[in-house]
Each structure stands twice: as C-alpha cells, then as structure tokens.
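What follows is a set of notes on a single structure, which appears directly below.
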Amino acid sequence: MNIQNRLQLGGFSLLTIAAVAALHGCGGSDNDAASSATNIQSAWVMVGTKNEAIARVVTNYVPEAAAGAADACPLILVDGVASRMGLRSAPSAPAQRPTASDPADSKPSIFPVSVCEQTLPAGAASVSVAGRALPLPKAEPQRIVVLGDSGCRMKKADNAWQACGDAAAWPFETVANAAAEFKPDLVMHVGDYHYRENACPADVAGCKASPWGYGWDTWQADLFKPAAKLLAAAPWVMVRGNHEECARAGQGWFRFLDPQPFTAARSCDLASNDATANYSDPYGVKLGSGTQVIVFDSAKNAKVALKPEDTQFAIYQKQFRQVADIAAKSGLANNFFTNHHPILAFAPIAGAKPAQASPGLTSVMSSLNAQAYYPPGVNLALHGHVHDFQAISFQSGQAATIVTGNAGDNLDVALPDPLAAGTEPAPGAVIEHITHHASFGFLLMERRAAPSTGWALKAYTAQGKLLATCLQQGYALNCDKTGFLTP
C-alpha cells in the first residue's frame, strides 16, 4: 500500500491500523521489517536549529532489493497517525580518510546502519517507534541536565587507556542513569561524546576487546548504549566537541547528532570538505519563557591566540557577530551561551599555575567586545572540554561560567585551592567567586520560581549526590559553597 494514499475505514486509516500492528509487534517482521522492535538500535529526540523537535532512529534493517532505500526506515506513530520516517543516511563504508592518528593506527569508519529522522509537529502529544515511546519537548522546561566529555579514552599518542569495562574508571552509564532519575525535561550534552580512537594494546586488560575507531560500533559503545536511559528520558540539545571534528569522529557526528540535514559536503568523508564541515553557524534554542541557549560549534578551536589575518579568525568573528544578533533579537532576560571549549575558565596543569582555557576564542571575542568578551545580553556560559566542574562569577562584569566536562573521560587534576592572587582565565576577567571539583558528575539546572527570572544550577556526583547549588540571576552567580568541593 502506498502510504501517501490512506484509505479511511471507520475513522481509522488502513495505514494507522497496519502501523500499530507493526509498531507493537503484532505483525512481526513479515508486516514491516524496518519497524520490528529488534531492528531498532537506538531512538531519541533532539532539538534542531529552528527549535523543532527531530526524532532520530538507528536501524540495522537494509531492504534486500535496494540497500539504503527509504523503506529501511521504520514507521513512526505521531498522535495515532503513522508515516514512514525519512532516510538521513544509508549504510556506508567510506574510504579511510586522514585522521588525528597515524595511518597505521587508523582504519576506515564503517556504518552498517541506517539513520532515519522525522521532524515532529509542534504540539505533538505522543510519539512512538516500534512500541517505544519517545520523549517530547516541554514548552516550559523546569529541569535541564547538562553534561559533557563522556566517552572512554583510548588514545595511543597519550598512552591513555581507560578501563572502559570498569564502572568506577569509566562511569558514564552511572552518570547518565543518575541524571535520568531526576526526570529532566531536556538534556544538553556540551560535546566530546566519542573517545575510543585507537586499538587497545594486548597487554592492557582494562580496555581489552573494546571497539575502536570512528564507526558505528564505537559510537554505540561510547554513547548510545550507556546513555540509553537518558536518551529515553528527555529530548537532547547536541553541542559539538573537538572529538567530533572531521579528523576524529566527525563522520559519526554528522550521521547521528548534527541537527542540520546530512549532505556529502558536510559528512567528513572527504578531507577536501573539512574547511566547510568543521564549522557550523550558531543557533538559539528556547528554554521556555525568559531564557534561550545559543549553541556554538567550536570543534576546531585553535589552541593559541589567533591573528586577524588568520582564516579561522574571520570565520569565528563572523559567527560571534551572529551570536550577538541572536542575543539582541531575543528580548529575553537570559541568553545563555554554550560551546564545548571554556572561554572564561581554567585549564588545570599539574604542579603549575592553571592556563587560560581558550586563547584562540578570546582573541576573536575581544576584537568585538573588548574585555567583556561576550556580546551584550549573554549572561551565562556552559562548557565542557576541561574534565572537571567549575562555577565562576566575575566582579569585572563578564558572563558567569559553568564547566561540566566530567561525565566519563579521565579527569583533569584539581585546580589549586585557593587560586593564587591575580589568577585570571582571560585578561581583565577578575574572579569574584569560584567553586570547583575534580570528580565525575553532572549539572542540573532548575528554573527558579517567580518573581525570579534566574535558574538554580546544581553540581552532582556520578551517583547523584548534591555537592553545591549556584543561583543565577542576570550576570550574578552565587554558590552556597566556594573553593574546592570534596565529594
């Protein structure tokens, strides 16, 4: 039956009747193999660049007659009406491309799965795929989980081999499950989902037999399997990290997580397209009344200060002008900024003074807004990249900063406590208060009751123990504890 030509029968379309049977397993694979529950590898909802809800599904099914055809995608049931999801990307095995590792330590990325998607209508009340209910956005989210840097590190260049099978050494599933227990209305991942870049050495027991490289098996192990409960709990806002740039896990980023349409030019399959695919324009996501978060792609952030003649300087300068425009047009009390790399925060260094986290970005931002760095209206920034928790407020008027890059990858050393007098995360950014810890965990943002227009930001351990609460109001961020936090 052509799904575009629905025959009505007693108020129900034949498509809906057949779809319900398939989606709930009544018809089995003989009815609709793509919609079989056993065929769905992962399913979630994410927020797109226009605040639309997008359902995504990863499926193993490939039609025998036409591999990668549209009927590789399952039926999706939206408010009782079924339709076939659209094919985002077909199974593929792109030729090996240059990566961040030596060619001898790399391999081609294999994606033996189909990725399907459908934009959901605003106001949809129920959505399901293969009998699996999907979470829907709320107009006024009250609780938002923020976490980042969640994958398990396997990197030859650093001789870093995290014990991926040890929940204490790599606790991302524990973190994700604890976060899901709070029943969030939204989840924001601030980047670096994938870390298993190189093969585990034979003599390292902790990561033995782990998948590696940038294909589906590694993405499944690093993100989709351990985060299954959290993906099912709420829609996600996906922020891109440096581990998702094209020479690393960019191919999976664009197939699975990027909110924009999938194209060959923005797939990271060919290194010749990296100059385009490594950058994306910023966009705003509304968080109900009074607040939006502006999402910024800093995947290729330079580690050193940029000069005006640098190509990257011009790209980022244009994008920060877009950030200013998004904030100016919002008319909201809160414009939060999120990207992967901390801007007004610290990079800890063992036995030494902490470094400025992002001289590349601050060199561009200061060209537009001097030592305010952010444009007017941006009053809080949320980041990952540094593997700890930092909450920083400034007496010099800059946007407050939260770093929460501690969801699973190897932790950074703790910051000195107290910081030496005059220690600044960027020139002219004078710290008022800093609260920090170097242990695994996540952040929970909770909307404060009226008449406040601010949010409560709570740092939790991996197991869900509350460490500190920070109250945001405008540019102010007041935490109930300061200095180093002991779990």
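We did not get these values from a lab; they are worked out from the coordinates using the rules stated. The structure presented is a predicted model; accordingly, all values stated were derived computationally and were not measured. Positions of Cβ are generated from backbone atoms using ideal geometry, with glycine treated the same way; all protein chains shown enter the neighbour counts.
With an 8 Å cut-off on Cα pairs and a minimum separation of 6 or more residues, tell me the relative contact order of segment 117-215 in percent. Rounded, it is 31 percent for segment 117-215.
On a full-extension model of 0.36 nm per residue, what is the gain between residue 275 and residue 263, subtracting their alpha-carbon distance, rounded to one decimal in nm? List each step's numbers first, then the result.
Numbers: separation 12, 0.36 × 12 = 4.32 nm, distance 1.46 nm.
The span from residue 275 to residue 263 would gain 2.9 nm if fully extended.
Count the DSSP beta bridges whose two residues both fall in the chain, then state the antiparallel fraction as a percent rounded to the nearest 5.
Numbers: 69 of 93 bridges.
So the antiparallel bridges amount to about 75 percent of the total.
When the Debye formula is applied to the Cα atoms of segment 269-412, each taken as the same point scatterer, what base-10 log of I(q)/I(0) results at q = 0.11, 0.16, 0.18, 0.20 Å⁻¹? Those come out to -0.42, -0.89, -1.11, -1.32, one per q.
Could you compute the FRET efficiency for residue 420 and residue 465, with r as their C-beta to C-beta distance and R0 at 41 Å, rounded to 0.05?
0.85
By per-residue mean of other Cβ atoms within 10 Å, what is the highest-first order of 93-102, 406-415?
Numbers: 93-102: 14.4, 406-415: 22.4.
In descending order of packing, they fall as 406-415, 93-102.
Here the Debye sum runs over all C-alpha atoms of the chain as equal scatterers in vacuum, and log10 of I(q)/I(0) at q = 0.08 Å⁻¹ comes out as -0.48. From helices alone, the chain scores -4000 deg cm²/dmol at 222 nm; the rule is -39500 (n - 2.57) for each run of n ≥ 4 DSSP H residues, then divide by the residue total. Can you tell me the FRET efficiency between residue 81 and residue 289 if r is taken as the Cβ-Cβ distance and R0 is 41 Å, rounded to the nearest 0.05? With a Förster radius of 41 Å, E is 0.85.
Exposed loop GluC sites (Glu not before Pro) only (DSSP loop, at most 15 other Cβ atoms within 10 Å): please give the longest stretch of the chain free of them, not including the sites. List each step's numbers first, then the result.
On the way: sites that count: 52, 64, 181, 309.
The longest uninterrupted stretch comes out as 310-487.
Short-range pairs are left out: with C-alpha atoms under 8 Å and at least six residues apart, the relative contact order of the chain is 13 percent. For the peptides 270-276, 284-290, residues were scored by their other Cβ atoms within 10 Å and the scores averaged per peptide; the highest-first order is 284-290, 270-276. Students often get this wrong: which residues of segment 213-247 have the backbone nitrogen under 17 Å from the point 7 angstrom along Cα-to-C-beta of residue 169? Zone members listed by number: 222.
Add +1 for every Lys or Arg and -1 for every Asp or Glu among the other residues with Cβ under 15 Å from the Cβ of residue 197, and state the total.
On the way: positive: 97, 107, 153, 155, 156, 196, 248; negative: 102, 105, 149, 158, 192, 217, 222, 244, 245, 409.
Neighbour charge sum, excluding residue 197 itself: -3.
Set the Förster radius R0 to 60 Å, insert the Cβ-Cβ distance between residue 132 and residue 304 as r into 1/(1 + (r/R0)^6), and round the FRET efficiency to 0.05. Efficiency, rounded to the nearest 0.05: 0.80. The radius of gyration of the Cα set in segment 221-325, together with its Dmax, comes out at 15.3, 47 angstrom.
Considering only Cα-Cα distances, which of the following residue pairs are longer than 25 Å: 156/465; 156/208; 50/318; 155/303; 107/208; 329/481?
Values: 156/465 34 Å; 156/208 14 Å; 50/318 20 Å; 155/303 19 Å; 107/208 18 Å; 329/481 35 Å.
Checking Cα-Cα distances, 156/465; 329/481 exceed 25 Å.
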